[in-house]
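*Asks:* My questions all concern the structure below.
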Amino acid sequence: MTETADRTFLNYIGGQWKASISGETVPSINPANRLETVGLVQQSVREDLDEAAAAARGAAKAWSRLSGAARGEFLYKAANALERRLDEVATAMTREMGKTLPEAKGETARGVAILRYYAGEGMRKVGDVIPSSDSDALMFTTRAPLGVVGVITPWNFPVAIPVWKMAPALIYGNTVVFKPAQETAVTAALVIECFEEAGLPAGVVNMVTGRGTVIGQAIIDHPHIQGITFTGSDQVGKQVGMGALKRGAKYQLEMGGKNPVIVAADADLDLAVEATISGGLRSTGQKCTATSRVIVQSAVYEEFKRKLLEKVGQIRVGSGLEEGIWMGPCASRAQLDTVLGYIEKGKQEGAKLLCGGGVPGGEELRQGFYVEPTVFDGVSREMTIAREEIFGPVLALMKVDTLEEALETANDAEFGLSASIFTRDIGSMLAFIREMDAGLVRINAESAGVELQAPFGGMKQSSSHSREQGQAAIEFFTAIKTVFVKG
Ligand SMILES: NC(=O)C1=CN([C@@H]2O[C@H](COP(=O)(O)OP(=O)(O)OC[C@H]3O[C@@H](n4cnc5c(N)ncnc54)[C@H](O)[C@@H]3O)[C@@H](O)[C@H]2O)C=CC1
Ligand SMILES: O=C(O)CCC(=O)C(=O)O
């Protein structure tokens, strides 16, 4: 156990750490060992959120009037604090969410880099000069912040996702009310401590933990929250969008994926196997960009399958804190049950289980939410495991004859977040880039893995058709103002 175990984590409102007026806390538990508490977190109520929204509203004007460079200075300081506390934050993340410590460290380092990227963004251009038809006038665009932004985040990237939403919100002059997933509220509190260490003015960043149906819903409904940025499930995302639309607030949604990898007959099969495993099974498959459908040309199907099974068989499952462990547990009991439910459905609908499919044995794993890395063969397009997001370490192999069929199969999904192809042929690469309906298309690289300086988001049901990260973030977190000045 580390030092967080006995700690009670509070809400952060108006620059103060405060207990919820409910007086209630809930334990955040370790999915690798359900008997271990990582910390106690606030089970907040609507009044706590109201107080946070009022604090954010009160701080908004002064914050928006600072120069971008001055706001950037705060983000650089937050980045330095997070970097200094990288090991502590990453350890809390592994203990609270289950991903392995090297992955958690990588994600925390990414949080540092995101903060620095957006700190620099405070010095970059925000508008264009557009020639007016009146030769005595100057016309240009500038950007105005939305005001208060509500940030609702999931548990699968407890540092990177909150940071890639809060950092651009702040640099473009908004104040923030943040509701992290309750499953990873301890990690979230440590991130907020880094903002506190940076000396942000009171009320600029606020955090309230609690149930999605209570605190998330209160953000959706709050009249003083002008924008909501959300990552999570398809179902909740749509509720957020509809609620925001009803009261005229701006919203941005990042939701599910059912990401395919195409393995063409001319692929480097070893590379394709490595990338399929890394993209599909790292973080126990709990990424919206995770590889889920593996579409393989028949000419190399058997060889690819053999190589894949050999490597999957070598995966070591266990506590993410232990050296040599490659795959940790599912993040929660509910997530484990969901994954096992999909595996059952796959078997019932006639897919052939090639490996995994159950809970691993062994006394030391008994108290964790573990599932075996799982591969299904003979998966057809209409099966549930080929259609719905599983969010677990489950790969569905699908055999096709031609590249056209592969592309058609890959596009036969409601989601369109990320997709990969493995091929050496430039024509196949170009066809994939052109035809694949996904916001992120990757050639000879795994489907997961997002670069913070590039736009990120999906087509079809995967997002609200907006993009996050990189300079694309300015589109959500600001409104364009067109200025006409007549001398
Ligand atoms: N696209 C992605 O990155 C993610 C997708 N998921 C998908 O969602 C499934 C369920 O995971 P959950 O954690 O339950 O996701 P979720 O969508 O319920 O939770 C995401 C966030 O929304 C909040 N929330 C929940 N209900 C809400 C409501 N009624 N109003 C406002 N906010 C609400 C949660 O507290 C959390 O902060 C997973 O199995 C996976 O398929 C989950 C996490 C991330
Ligand atoms: O693949 C990544 O690095 C990011 C994935 C992601 O955004 C998510 O799972 O929510």
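*Asks:* So, in Å, what gap is there between the alpha-carbon centers of segment 105-124 and segment 1-72?
*Replies:* 22 Å
*Asks:* Pop out the ³J(HN,Hα) list for segment 55-63 in order, Karplus 6.51 cos²θ - 1.76 cosθ + 1.60 with θ = phi - 60°, rounded to Hz; leave Gly and Pro as x.
*Replies:* 5, 5, 5, x, 8, 5, 5, 4, 5
*Asks:* What Rg and what Dmax come out for the chain when only alpha-carbon atoms are used, in angstroms?
*Replies:* Radius of gyration, then largest Cα-Cα span, for the chain: 23.0, 80 Å.
*Asks:* When only C-alpha pairs under 8 Å and at least 6 residues apart count, what is the relative contact order of segment 151-195, in percent?
*Replies:* 49 percent
*Asks:* Which order, highest average first, do 106-116, 163-173 follow once you tally other Cβ atoms within 10 Å for each residue and take the mean per peptide?
*Replies:* Packing proxy ranking, top to bottom: 163-173, 106-116.
*Asks:* Sticking with this structure for a sec: Where does the charge balance sit around K486 when Lys and Arg score +1, Asp and Glu -1, over other residues with C-beta under 13 Å from its C-beta?
*Replies:* Summing Lys/Arg as +1 and Asp/Glu as -1 gives -2.
*Asks:* Using Cβ counts within 10 Å as a stand-in for footprinting exposure, how do E121, E408 rank, fewest first?
*Replies:* Listed from fewest to most nearby Cβ atoms, that is E408, E121.
*Asks:* If neighbour count is taken as other Cβ atoms inside 10 Å, put C330, C355 in order from fewest to most.
*Replies:* The most exposed by this proxy come first: C355, C330.
*Asks:* Once you keep just the Cα pairs under 8 angstrom separated by 6 or more residues, what percentage relative contact order results for the chain?
*Replies:* 18 percent
*Asks:* Taking the 0 to 90 degree range and rounding to the nearest ten, how far is the long axis of helix 234-246 tilted relative to the main principal axis of the chain, both from C-alpha atoms?
*Replies:* That helix lies at roughly 30 degrees to the long axis.
*Asks:* Could you tell me which residue out of T338, L354, V89 lies farthest along the dipole of the chain toward its positive end? Charges go on the beta carbon: Lys and Arg +1, Asp and Glu -1, centred on the Cα centre.
*Replies:* Farthest towards the positive end: V89.
*Asks:* When only C-alpha pairs under 8 Å and at least 6 residues apart count, what is the relative contact order of segment 259-451, in percent?
*Replies:* About 31 percent, as a whole number.
*Asks:* Which one, S133, S420, G106, projects farthest toward the positive side of the charge dipole computed for the chain from Cβ point charges (K/R +1, D/E -1)?
*Replies:* S133
*Asks:* Could you list V149, V312 in order of exposure, starting from the residue whose Cβ has the fewest other Cβ atoms within 10 Å?
*Replies:* The fewest-first ordering by Cβ neighbours comes to V312, V149.
*Asks:* While we're looking at this one, here's another question. Rounding to the nearest 10 and keeping the result within 0 to 90°, find how far the Cα-based axis of helix 160-171 lies from the longest principal axis of the chain.
*Replies:* Tilt relative to the chain: about 20 degrees.
*Asks:* Compute the signed sum of charges (Lys and Arg +1, Asp and Glu -1) over the other residues within less than 9 Å, Cβ to Cβ, of T153.
*Replies:* Charge balance in the 9 Å sphere: +2.
Where a number appears in this text, it was derived from the coordinates with a stated rule and is not lab data. Keep in mind that this is a model prediction, so the values were computed, not measured. Using ideal geometry, Cβ is built from the backbone for each residue, glycine included, and neighbour counts are taken over all protein chains shown.
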